[in-house]
Protein chains: 2
Amino acid sequence: MFVIMVYDVEVKRVNKVLKTGRKFLHWVQNSVLEGDISPAKLEKLRTELKHIINEEKDSVIFYTFRTTRYSSREIMGIQKGGEECIL
Amino acid sequence: MFVIMVYDVEVKRVNKVLKTGRKFLHWVQNSVLEGDISPAKLEKLRTELKHIINEEKDSVIFYTFRTTRYSSREIMGIQKGGEECIL
């Protein structure tokens with residue numbers, strides 16, 4: 001399945017969330033990751049994130065698509081993320 | 001077409017970008033909007049944003065899907081946006 005993950009977490013947890021997300025998905029932009037992932041792996045990602053985020057302060061959204069990838073991804077302005085940038 | 005818009009812009013331009021996005025899409029989370037929109041409207045949104053953002057500093061991503069909406073949208077933690085919250 002294809003997944004887009006968008007997170008909005010407190011600064012002190014950003015690195016941990018990003019690092020965990022990148023174990024399963026590709027980093028697209030500051031707070032966005034995407035990729036093809038199995039349901040089992042997605043569950044694993046969710047579980048790991050649950051231990052990292054503060055569910056009363058942080059927010060993580062998963063968009064999941066069963067069959068299709070997007071038709072297009074267009075970036076206006078600069079590309080802030082990307083696989084070529086290693087933190 | 002179904003569109004997910006994710007923005008990462010400087011604080012001073014956040015309100016303008018969000019306000020413009022909300023003319024065409026629904027606000028989901030701090031920096032995420034989504035909705036069904038015609039190609040013409042999407043073009044209009046793009047044009048308006050081009051006049052607002054600084055393309056050397058800001059970043060806006062549009063994911064467009066021709067036929068499908070997502071299968072699911074799951075939010076972990078708090079829901080930071082939403083149509084019920086008016087800025």
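The values are calculated or read from the model by the stated rules, or taken from the named source; none is laboratory data. Fair warning: this is a prediction, and the values are worked out from it, not measured in the lab. Backbone-built Cβ (ideal geometry, glycine too); neighbour counts: all protein chains shown. Just so you know, the surface numbers come from the protein's heavy atoms only, side chains and all, with ligands and any DNA or RNA stripped out. Shrake-Rupley method; radii C 1.70, N 1.55, O 1.52, S 1.80 Å.
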### Too-long pairs where the Cα-Cα distance tops 20 Å, listed order kept, from A:LYS57/B:LYS16; A:LYS12/B:LYS12; B:LYS23/B:LYS57; B:LYS12/B:LYS57
A:LYS57/B:LYS16; A:LYS12/B:LYS12; B:LYS23/B:LYS57
### Query
Hey, what do the phi angles of region A:7-17 turn into as Karplus ³J(HN,Hα) couplings, whole Hz, using 6.51/-1.76/1.60 and θ = phi - 60°, x for Gly and Pro?
10, 9, 10, 5, 3, 5, 10, 4, 4, 5, 5
## Note on the structure
So the carbon and sulfur contribution to the accessible area of region B:2-65, 1.4 Å probe, in percent, is 51
### Two-decimal Rg/Rh across chain A, once Rg and the Kirkwood Rh are taken from alpha-carbon atoms
0.95
### Query
Quick one, what does Rg over Rh come out to for the protein assembly as shown if you take C-alpha atoms and the Kirkwood Rh?
0.94
### Task
Taking DSSP loops as anything outside H, G, I, E and B, show the longest stretch in chain A free of trypsin sites (Lys or Arg not before Pro) there with at most 11 other beta carbons within 10 Å.
A:24-65
### Mean accessible surface per residue for region A:2-65, computed with a 1.4 Å probe while every protein chain stays in place, in Å²
45
### Query
Where the label is 7 Å out from Cα toward Cβ, how close does B:LYS23 come to the same position in every other copy, in nm, shortest first?
4.4
### Total charge dipole magnitude, the protein assembly as shown, about the Cα centre, Cβ charges on Lys, Arg, Asp, Glu only, Debye to nearest 20
40
### Query
What spacing in nm lies between the two simple spin-label points modelled at A:LYS12 and B:MET1, each 7 Å away from Cα in the Cβ direction?
4.3
## Note on the structure
Buried accessible area between B and A, both sides, 1.4 Å probe, in Å² rounded to 100, is 3400
### Message
Taking amide H atoms as placed 1.01 Å from N in the peptide plane, list the residues 5 or more away in sequence, or in a different chain, whose amide H sits under 5 Å from that of A:VAL28.
### Response
A:LEU33, A:GLU34, A:GLY82
#### Entry: GluC sites (Glu not before Pro) lying in DSSP loop within region A:41-74, provided at most 15 other Cβ fall within 10 Å
A:GLU55, A:GLU56
